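Working notes, structure below.
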Amino acid sequence: MIFAAFGGLRYNSAIRPGVIFLKRSEMAETGKNHEAIKKAVLLLSELTRKSGPSGVTELARALDMPKATVHRILGILCEDNVVVKTADGRYKVGPTVLLWSGGYRYSTAVIELAAPWLRRLRDATNETVHLCVYNNGAAQYADRLDSTQNVTLRWSRLGSELPLYCTSAGRAILSQLPQEELDAYLDSAELSPRTARTVTSKEDLKKMLARFRAQGYAEEIEENEDNIRCLGGAITDREGYPVAAISLTAPTFRFTDEDAAKYGPMIAEFAREISRQLP
């Protein structure tokens with residue numbers, strides 16, 4: 001329970017995510033509480049804006065806050081996994097924020113279980129990799145490791161939603177949906193062109209999804225963003241239902257058909273391994 005951090009504010013995650021309760025005796029301190037909450041929100045916003053973990057000094061400088069204040073707030077936010085501390089002592093948005101934003105029914109274990117596989121995929125390819133989570137017809141970016149090459153990608157943001165029909169992660173998820181649910185999605189979805197190459201025919205998309213299901217991974221080339229190519233593999237629960245996906249993203253100039261043929265099966269294998277480890 002978050003309590004001391006915000007000068008008397010009580011947060012009870014067991015009742016409802018994000019609900020805050022005040023005692024009558026604490027109402028007089030709402031001014032102080034407001035400032036404390038505002039600082040915490042600014043800190044979370046800054047972490048969300050970043051593509052990777054940030055250190056205390058970097059955050060303090062960006063927000064013009066004392067380092068001691070930043071460190072104290074981060075420490076308390078870590079108690080409920082609103083923020084998590086990485087192995088090198090930096091901080092990033094934690095799984096609780098994802099639970100608040102999406103009300104996900106899957107276990108946050110998928111984020112932790114996928115982390116080492118994401119790192120293996122990034123290290124094997126030296127390209128940007130993502131974990132995307134799926135719930136109630138929507139998918140969001142939940143984790144990301146950037147390429148260490150000179151040209152990297154900066155367009156994705158943790159917590160932001162991605163289109164299912166024209167991204168590799170989204171297509172990987174769609175390819176594993178029960179037929180009735182997939183049909184319902186295709187009936188209602190508007191396949192708007194995001195680039196000149198976006199597939200907007202529902203019949204063509206259905207054929208692609210059948211192929212992706214058979215091969216174990218999905219593909220897209222410049223359909224969501226120009227000059228970007230992606231591969232994705234679905235993570236499924238014990239009933240075979242998709243709860244997430246991992247993806248590999250790279251500029252088209254260094255992502256060849258040979259690369260796709262090599263890394264596609266690797267992504268499928270890693271996604272299966274994560275699926276097997278889910279509780």
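The values are calculated or read from the model by the stated rules, or taken from the named source; none is laboratory data. Please read all numbers here as calculations on a predicted model, not as lab measurements. Please note: Cβ atoms are built from the backbone with ideal geometry, for glycine as well, and neighbour counts cover all protein chains shown.
Results for (1) in contact with a Lys or Arg (Cβ under 7 Å, 6 or more places away or on another chain); (2) closer than 20 Å to ALA250 by Cβ; (3) modelled with pLDDT under 90, shown as yes or no for each residue.
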{"site": "THR96", "(1), (2), (3)": "no, no, yes"}
{"site": "SER101", "(1), (2), (3)": "no, no, yes"}
{"site": "ASP123", "(1), (2), (3)": "no, yes, no"}
{"site": "VAL129", "(1), (2), (3)": "yes, yes, no"}
{"site": "CYS132", "(1), (2), (3)": "no, yes, no"}
{"site": "GLY137", "(1), (2), (3)": "no, no, yes"}
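Hey, does segment 229-236 have a residue that's crowded, with 20+ Cβ neighbours inside 10 Å, touching an Asp or Glu at 6+ places or on another chain (Cβ under 6 Å) and modelled with pLDDT under 95?
No, segment 229-236 has no match at all.
Select from segment 228-253 the residues that are of a type in the set (D, E, K, R) and in contact with a strand residue (DSSP E or B) (Cβ under 9 Å, 6 or more places away or on another chain) and list them in ascending order.
Within segment 228-253, ARG229, ASP237 meet the criteria.
From the residues in segment 246-265 that are under 21 Å from GLN176 (Cβ atoms) and in contact with a Ser or Thr (Cβ under 8 Å, 6 or more places away or on another chain), which one is surrounded by the fewest Cβ atoms within 10 Å (Cβ to Cβ)?
That would be TYR263.
Among the helices (runs of 4 or more DSSP H) lying completely within segment 171-278, list those that include at least 1 residues that are within 20 Å of the chain's Cα centre (by Cα) and hydroxyl-bearing (Ser, Thr, Tyr).
257-277
Report, by residue number, each residue of segment 132-150 that is in contact (Cβ under 8 Å) with a residue 40 or more places away in the chain and of a type in the set (Ser, Thr, Tyr).
TYR134, SER147
So, in segment 48-87, exactly how many residues are modelled with pLDDT under 85 and of a type in the set (Asp, Glu)?
Qualifying residue count for the region: 2.
With THR148, THR152 as the choices, which residue is among the polar types (S, T, N, Q), exposed (fewer than 14 other Cβ atoms within 10 Å of the Cβ) and modelled with pLDDT under 95? So that I can check it myself, show each step before the final result.
On the way: THR152 fails: exposed (fewer than 14 other Cβ atoms within 10 Å of the Cβ).
The unique qualifying residue is THR148.
Looking only at segment 184-197, filter to residues that are surrounded by 13 or more Cβ atoms within 10 Å (Cβ to Cβ) and of a type outside the set (Ser, Thr, Tyr); which one of those is nearest to LYS207 (Cα to Cα)?
Keep residues of segment 184-197 that are surrounded by 13 or more Cβ atoms within 10 Å (Cβ to Cβ), which gives 184-186, 189, 191, 194-195, 197.
From the residues that got through so far, the ones that are of a type outside the set (Ser, Thr, Tyr) too are 184, 186, 189, 191, 194, 197.
Working: ALA184: 16, LEU186: 12, ALA189: 16, LEU191: 15, ARG194: 20, ARG197: 17 Å.
Applying the filter and picking the extreme gives LEU186.
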